[in-house]
Structure formats: C-alpha cells, structure tokens
Amino acid sequence: MTVHRSAAVSRRSLLQAGAVAGGGFLLGVGLFEGIAQAATSDEIATTGSKLNAFIRILPDDSVTMIMPAVEMGQGAYTSMAMMLAEELDIGLADVVVEHAPPDQKDYGNPALGEQITGGSTTTLAWFLPLRKAGARARFMLVGAAARQWGVEPATLRTEGGTVFHDASGRSTTYGKLADHAASIVPPSEPTLKDPHAYRLIGRSLRRLDTPDKVIGKTVYGIDVRLPGMKIATLASAPILGGTVAHVDQRAALVVPGVRQVVVLDDMVAVVGDHMWAAKKGLEALEIDWNPGPNAALGQNDLWAMLDTASRGPGVTAKSVGDADGHLVGDDVFETDFELPYLAHAALEPLNCTVHVTPGACEIWVGTQVMGKAQTAAAEAAGLDPSQVVVHNHMIGGGFGRRLEVDCVTNAVRIARHVDGPLKVIWTREEDIRQDRFRPLYHMRTRAKVERGRITAWHHRITGPSILARWLPGAFQKGIDADAVDAAVDMPYDFANVQVEFVRHETPVVPTAFWRGVGPNANVFAAECMIDKIAHHHGLDPVAFRRAMIQTKPRARAVLDLAAARSGWGSPLKAPPEGGRVGRGVALLAAFGSFLATVAEVCVADDGSVQVLRVVTAVDVGQIVNPNTLQAQVQGGTVFGLAAVLHGEITVEQGRIQQTNFNDYRVTRIDEMPILEVHFVQNDEAPGGIGEPGTVTVQPAIVNAVFAATGVQLTRMPIDAKKIARGAA
Amino acid sequence: MLEIVINGSIRTVDAPEDMPLLWVLRDIVGLTGTKFGCGIAQCGACTVHVDGVPLRSCQMPVGAVGNRAVTTIEAIGETEVGRRVQRAWLDREVVQCGYCQSGQIMSASALLAGNPSPDDADIDAAMAGNICRCGTYVRIRDAIKSAAAKVEPA
C-alpha cells in the first residue's frame, strides 16, 4: 500500500522514501504478490476525479480513499476502506489510502464532533457515513454509464469496479467513468446494501498497511527526513513545574555535530546534525533548574489529597430510586479502590518535525487529532491555523497519547528559534517524564444486598475532568461524561443507583486519556466490588451477575459464552511448579459493545501472580473485519495485563520516578497467558473494540487473585507482598 | 570517515566512532526501518544483524562494527529465513502499529537461522527482549512456528 501524504509535500516525502528504499523497497514489490499491493507510483495524490470527500478515482481504475480516522495499529485504514469499497463495489487490491488533511467539515468524527480518532469510536461513528459515501459514488458512476449508453440506471449492475449493462453486453470501468460521474448529483440518502449482500464487510481481509510495515518501508512521524533537516532532543525540568535558571552552553557547543542550544523557560533543547550529536550535546550541557513549588511533592501526598477530595462535595451523575435510603442495616458493603497514574509508553517516542518560515509553519507528525495539532502549531508559532500545514503519518502506537498535542506545541516552540526544518525527538526518558498520565482515581463503592441480589448501588468517582480541558462541550453541569462512563449505565438492573462525580485535579501532574478511558476505572471498581459481595455470600460470581442482567440479553450472551468457553466451574489444576490457582470474571457494557472476560491465574507463595489464560467473549454487533476484531481484543488484553501487573507512575520530591522500560514495565512475550477470543454474531449496530479488552482483563485478573488467595486487592497495580502477607 | 558494510554495500559515513549504529543507520545512511524505542537495549526495536547475530543497534558503537556485515529490516528479506519470517508475519496478520515489528522480525529471523524448530521456551528466550506495546505476542509466537514449519527448498 502507498500512503500518500496530502498536497505538495508528498512529493518531497516520497522522494525521501525513495532515498531510504535501498533493497527493501524494490524487494517488497515482488515478495508479497497477491496481497493488496496498491500503486507505488509517485503521482501527487490529488490527481483523479473526486467523487466526494473520501473517494477519488484515477483513469487507470485505481481508487484513492481519504481516511478520516488515523491508523495507529488498530486496523482503521483497512476497515474504513472496506466500508467504502463495499458500497462502491470494488475490491481492495487497487485501493490507495491517504491521510485526511485537517478539515473539520469533511472529516470530523460524527460521534465526537471533532476530527478525532479515539474512544473506540471509529467503526461505530463511520460505519454509516462511509458506506453512504461509497454508495453515493457508485450512484454517480452508474449514472455516468447510463447517460453514456442512453439506458436507465436500474438496468445496470456493478462489480469489481466495472459497470455492466447485461442486456447489451456492454461494460466499462470506473476509471473511464469517473470524470463524467463527478458532475452527477447523488442523493443524500443513497440505497445501502442489505447486509446479506456484503462481499467485503464481515470477512477477514488482509490489512492494507502491513506489507510495508514488515519491510521497514512505512514512514512514521519519527522517520520523516527533509532536505537540510536538523535533529533536536530536549530536557524538561526534572521537578514538575520547575523552570530553567541558567544554562552553560559551552560544553555542548563543542560536541561535534551540535549546531545550537535552544533555551526556553521550562525546557532546553540541543540541535544537531543527527540525534547522537543532539543527545551528547544535551548530556554535556550544564543546566541549573529552579525547583519551583513542587519539590516536596510525593506520591503519598497525592493519594492523601485524592482521599480527602473523595469525602468532599460532588455532583450527582445518576440517581435512580433511593440508594442512600437503602444503604442501611445489614449486608451493606463498602470498598474504596485506588488506581495509579499510568504512562502510555507507546513504542514510537514522541516526535514532531517542524519547519517555521515567515508567515507559515509546516509540521510532520502522527496525531489522533488533526485539527488540534494544527491549532496548537498555530498558537505556538504565532500564526493563524490557516497558515499551518499538517502532514499526518502512521502512528507507532497511540493508546490516547496522540490525542494530546503538547509535543506539537513544544516542537514548534523550539523550532521557532531554528532556521530550516527541525525534527524534535523525545528520548524515552523524556517521553515518560513528560507523559500526560492516566489519572489517579479513587472509587468508593457501596452496595446493599437483599435476597442474594444487589438492590442498592452507590458509586462515587473522584478524579480529574479530562474532558473539561480537552472537549469542553462534553463537560456539562460539573459532570465529566467520560469519567462516569459505564458507571451511569451499568448492565445490572439495580433498583436503586446513585453515581457521583467529585472533580479533583491533582496538582502539577498532567493527565490525559489512556486506553480504556473512563470505563477502565469504573468497570474495575464495580466488577471487583461485585466479586467481593459474591464471595462474602458464597455465591458463584458468574451466577450472581447473571441473575442481575435478566433484561440485558447481549450482556448475558457474552457472560454465558465466556463462562462456557473458559470451563467456568470446572476444577482448575495448579501448574507443576505449584501455587494457588483461581478464576475471575468481569463484564463490560460500554463503547457500544459487550464483553465478558474470564482470567485464570496462579499465585506463588511469594505472592507473585502469573496469568495463565484469558478467555474473552465479545459482542460488537456487526463485525467489519473479524481478524482485526480479534487482534484488538488480544492487544487490548495485553495492554490491560501490563497495567494490572506492573503499571505505576509515581512522584517523589516532585519528580516522576520512572524513566524507561526497565522501571516502567510492560508485558513481554515470556509472561503471556493463553488468549482466547470468542464472538457473538448478530446484526446490531457496530460498537467499538479498541479499548474494551483492556478494561475487562484488569478486574478479571484481580478477581482471579481474590478467588485463589482470598486477598482482595484494592489499590493497583497488584502488589505481591500484600498477597504474600494475606492482606490487602 | 568510517567504512561499514550495510545490506551488502560498503558505505562511507562521517560519524564519530562512539555514535550508535542506530543513529548512523537512521540519520546518516537514511535507513529508517530500524527503530528507536528506548536507547538502552530494553525494547529491541533497533535490532539489526551483525554478521548474522542479532544486536541492539542503540548500544553498538559504529566504530566497533569493523568489517562485519550489518543487515537491517530493509534487506533481511534477501535471506531465505528473513523472507519466510516476513511472509509468516503477513500470513498470520501479526502487525498492528508495526513500530516494533522491524526488531521483532530481525530477532525472529536470527532465532530461526540458528534453531530451525524452536519450542515455546526457545521463542521466549529469543524474543523477550522485544517489546510490542500493541500486544501482538500471541501472533508473533504463531508466526515463528509457522515460519519454522515452512522451510523452503534451497
């Protein structure tokens, strides 16, 4: 596949790609025959007849599709191309995909109102609009053929990019029709295919982006190379909120290849001919920092502030019946759960390439938010957004980090002081230190149990409002719609429910979305609390849940499927090396999807937890690409596994304690459990799947540890010492 | 000026001897398929072969390469094993974001070159230094086994 960058710069970028190519570039052409190999021509992508915002057709019958959501590994380019191609009636073999430019009107995410890829919304938001765009383009092409042949459009059929008039035996291809088709006005509500007539949707078609990725040809943001480009790397204040006091540049400027030192009020960057010069130059610098007001701040302070806030006033996000009135007497349970800061730690470190010239700014970056990136660059450069050109790129892992544009802002702030194009690369240490973390959350849950069922439920959520900063329209009446997501709409039929949100912004530690967003915290607390109650009453956790989702057939179906496929209730054997084993379950209804996950763990005498097997049942409604769906659940599970077993960012003396993958551990292949993903098939509207697997695996594992040991952990990540002591 | 053999060609590079091979490849030679992930040999994204041995290029000073042959992701497909691994990666649809996969493929190719039929423990030992944040490990394991089973006649 060729991914064209938009407009004039693609020429330059493609030339660079050609220079990079060496043997692999040419090799790739023959190596993967039969796999969608799109045109590798270097034509500027704006050629061809534009039928709508998403489809251009070239005379050679190749089709360019403009992708409103970005590709960061989730398979969006393939699934969105499938939606367009399905209704357009073409295969994927001749498809070239192109990153959309910043354009709110044409490419704004219908579910979020901005040009955003996130919140597991791509499929659910674009499923209808892209199919309609494909159907409209097909209408136009059929109309052009009908005019040309003087026949009724209804007498024509399409297949594989060709229009046929069977009565006369005539046929012609889309490429020949596209020019005329562009003048035909399609209906705003075109006729869509019956799902039973799908030829692409529902099949595990090969991904379009992967052939280039296995030969090292894909150009991520960090791979951008421009003529005359310099490379910079930077150091931020080691103490959060600190500032630069004084910099002695002399030692840096004598490092071979170092060109310049850029001193800002809160960071220092060194510009060099290559990253090594910049890095060595930065190490050679002598920087005095003003510590600022946070030099004494520690993690215990942050936990204590959160706890205090959790006892203060909040706002009611949901109130059904009279939860407080019922939460009295016997069989009332209360548990607080605490969730740590987490880093995103995507494998591609933060980077952004910038060229500031008088009255203009160009940036090359991989971003989940094109419009925000453009605005951020404009503000930092002192320009109007219309003076900023953004070239989006493949992203080497998003997980929410590239929903933020701080790297764009800071790269432009640095590049303003540099002549010519500048690529700014964050070292891993700075990528982690300057992350915007998954917030600390405090979750107070209370429940009343009567006749073996929960009859009253109180969930008090204390944490920041990310939306108030990031999408202010979604922060209404003091309620952050994300922070209470999946808490205000649980699948359980509790008669009395009270959900409260206490907004608490921890000082100085910046926070942002992280894979799983609000449901990550809320589902964790609820699913762990439900297990606590089941355990106390000697009830089976699956049966206990099942009795409380009588009116939710989709939730019941995934719960039943996960239980059946995991062998729930059957004896679990300890591995030969010994240890206590247990199973745990968790249920999710969020992101428009339903998931149930069963985890099996083995806990050693020292409290260390090994996850043996994770079985997840998934109902996302209509499935666009089953293979991608499975991959997202597998990957999401691994992401959640890392969080619950290892994930924790901490602050001491105002400093982020973690630096790199040695002390911010993520999952490796040698700690992988068996993963199973099972689908429930139905014709419901498509739901999201990028995040749910991350959400369910965490409580499932903690519940499994609880089942194995009787120790219910309430502060994450899992602490082996607490388990070994037998107390949470 | 240093001369190093990269993907079968002798390249003359103007680089200090202590400059890691990673940055020589990426910033001087222009082979950006080899990725920067951590800079301290913790993630494996920068894995290349030096005389067939998988090494983390972020820790390999270019001056220490000498006359040994450097092979990167851009040319590993010219070897029978590398080609087989790349094919298996596509057949098993391993890749998500793809950023780590250059390193994964280089590590897997070296594993199979030395051990034609690795078991799970062999795979763990050879691949545990390669982080995949997208979590493609199940498929990496399957793809290695699949590639092992498909030895092509010479």
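Sparsely packed loop sites in region A:295-399 (the trypsin sites (Lys or Arg not before Pro) outside DSSP H, G, I, E and B with at most 13 other Cβ atoms within 10 Å) comprise A:ARG311.
Please rank B:LYS150, A:LYS280, A:LYS722, fewest neighbouring Cβ atoms within 10 Å first, as an exposure proxy.
Lowest to highest Cβ neighbour count: B:LYS150, A:LYS722, A:LYS280.
Kirkwood hydrodynamic radius of region B:77-149 from all distinct Cα pairs, in Å?
Working: mean 1/r = 0.0851 Å⁻¹.
Roughly 11.7 Å, rounded to one decimal.
Antiparallel beta bridges, as assigned by DSSP with both residues in region A:342-457, represent about 75 percent of the total such bridges. With the helix formula -39500 (n - 2.57) applied to DSSP H stretches of n ≥ 4, chain A reaches a computed 222 nm mean residue ellipticity of -9500 deg cm²/dmol. In terms of its alpha-carbon gyration tensor, region A:616-671 comes out prolate; a/c meets the 1.5 threshold, and the first ratio a/b outweighs b/c. Overall size of chain B from C-alpha positions, given as principal axis extents largest first: 44, 35, 23 Å.
Once you have the Cα-Cα distance between A:GLN476 and A:SER608, take 0.36 nm times their residue separation minus that, and quote the gain in nm to one decimal. Spell out each step's value before the answer.
Numbers: separation 132, 0.36 × 132 = 47.52 nm, distance 4.31 nm.
Gain on stretching A:GLN476 to A:SER608: 43.2 nm.
Figure the gain on full extension for A:ASP265 and A:ALA197 (residue separation times 0.36 nm, minus the Cα-Cα span) and round it to one decimal in nm.
Values: separation 68, 0.36 × 68 = 24.48 nm, distance 6.08 nm.
Length difference between fully extended and current span is 18.4 nm.
Less than 5 angstrom separates the built amide H of A:LEU347 from those of B:ARG133, all sequence-distant by 5 or more or on a different chain. The alpha-carbon atoms of region A:568-644, seen along their principal axes, cover 44, 26, 21 angstrom, with the largest extent given first.
Counting Cβ atoms of other protein chains within 10 Å of each Cβ in B:35-47 and taking the mean gives 6.
Using only side-chain charges placed at the Cβ, +1 for Lys and Arg and -1 for Asp and Glu, the dipole size of chain A relative to its Cα centre rounds to 560 debye.
Can you compute the charge dipole magnitude of chain B about its Cα centre, using +1 on each Lys and Arg Cβ and -1 on each Asp and Glu Cβ, nothing else charged? Give it in debye, rounded to the nearest 20. It would help to have the intermediate numbers written out before the result.
Working: 14 positive and 17 negative charges, 76 e Å.
Around 360 debye, computed over chain B.
Equivalent ellipsoid semi-axes for chain A, as square roots of 5 times the alpha carbon gyration tensor eigenvalues: give them largest first, rounded to whole Å. Intermediate results must be reported in sequence, preceding the final value.
Working: eigenvalues 370, 267, 102 Å².
With the √(5λ) rule applied to chain A, the semi-axes are 43, 37, 23 Å.
Extent of region A:248-401 along its three principal axes (Cα atoms, max minus min coordinate, largest first): 75, 40, 29 Å.
Each of B:VAL138, B:ALA15, B:SER117 was placed along the dipole of chain B (beta-carbon charges, centred on the mean Cα), and the one lying farthest toward the positive end is B:VAL138. Remark: for residue pairs A:LYS279/B:LYS35; A:LYS230/B:LYS35; A:LYS573/B:LYS145, the C-alpha separation exceeds 23 Å in A:LYS573/B:LYS145. Shielding of peptide A:274-280 by partners, expressed as the average count of other chain Cβ atoms within 10 Å per residue Cβ, is 6. P(r) for region A:606-716, from all Cα pairs and a bin width of 5 Å, is 2, 10, 19, 19, 16, 14, 10, 6, 3, 1, 0 %, short bins first.
For B:ILE10, A:ILE231, the sequence from fewest to most other C-beta atoms within 10 Å is B:ILE10, A:ILE231.
Over 24 Å apart at the Cα level, from the set A:LYS448/A:LYS552; A:LYS105/A:LYS213; A:LYS176/A:LYS213, are A:LYS105/A:LYS213; A:LYS176/A:LYS213.
Over all pairs of different C-alpha atoms in region B:2-71, the reciprocal of the mean inverse distance, the Kirkwood hydrodynamic radius, equals 11.7 Å.
Of the chymotrypsin sites (Phe, Trp or Tyr not before Pro) found in region A:550-632, none is in coil by DSSP with at most 13 other Cβ atoms within 10 Å of its Cβ.
Note on B:ASP91 and A:ASP331: with the Förster distance fixed at 60 Å, the Cβ-Cβ geometry gives a FRET efficiency of about 0.60.
In loop segments of region A:540-600 as defined by DSSP, the trypsin sites (Lys or Arg not before Pro) with at most 12 further C-beta atoms inside 10 Å of their C-beta are A:LYS573.
As a proxy for reagent exposure, A:LEU595, A:LEU130, A:LEU51 were ordered by neighbouring Cβ count within 10 angstrom, fewest first; the result is A:LEU51, A:LEU130, A:LEU595.
Over the whole of A:225-232, what's the average partner chain Cβ count within 10 Å per residue? Rounded to a whole number, please. It would help to have the intermediate numbers written out before the result.
Details: counts 4, 0, 0, 0, 1, 0, 3, 0.
What the average comes to for A:225-232 is 1.
Ellipsoid semi-axes for region A:163-301, based on the Cα gyration tensor and the rule √(5λ), read 58, 23, 16 Å when sorted largest first.
Read the figures in this text as sums done on the coordinates, not as results from a lab. Please read all numbers here as calculations on a predicted model, not as lab measurements. In this analysis, Cβ positions are derived from the backbone assuming ideal geometry, glycine residues included, and neighbour counts consider all displayed protein chains.
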